[in-house]
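Data first, discussion second: the structure below is written as structure tokens.
What follows is calculated from the coordinates using simple rules that are stated; it is not laboratory data. What you see is a predicted model; the values in this text were computed from it and never measured. Here Cβ is always computed from backbone atoms with ideal geometry, including for glycine, and neighbour counts include all displayed protein chains.
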Amino acid sequence: MAKKKYLVRSQVWLYPGESAAWHFANVDKKQSVELKEKYTKQKRGFGSIPVAVVLGKTSWKTSIFPDKRSGTYLLPLKAHVRRAEGIGAGDSITFTLTVLAP
């Protein structure tokens, strides 16, 4: 299966909780449905899908995770990525996802 790139526009949000240190961006619902249908066999723990991400000048490998509440996949944004790109909760971002082979 050829690797497909997904261009995603989203808003950064902070996980609600006492320590609230985790920042996420949701993958578009339509794209999330396609990812779930196409890459079910590549899912790992917690239903995650391994991906390569490019956000601005920063690229890294991680996993996206399904969120039952929103019906989308969530992209975790680590502190080093947020610092490198100067982003925080409430910012609108655009990034590219490429699903990695298992």
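Taken about its Cα centre, the chain carries a charge dipole of roughly 420 debye when the Cβ of each Lys and Arg holds +1 and the Cβ of each Asp and Glu holds -1.
Between the helical axis of 29-38 and the longest alpha-carbon principal axis of the chain there is an angle of about 40 degrees. In the chain, taking the dipole from charged Cβ atoms about the Cα centre, the farthest positive-side position among H80, F46, S70 is held by F46.
Beyond 21 Å between alpha-carbons counts as too far, so tell me which of K3/K61; K38/K61; K29/K57; K30/K68; K4/K68; K4/K78 fall in that bin. In this structure, K29/K57; K4/K68; K4/K78 lie more than 21 Å apart at Cα.
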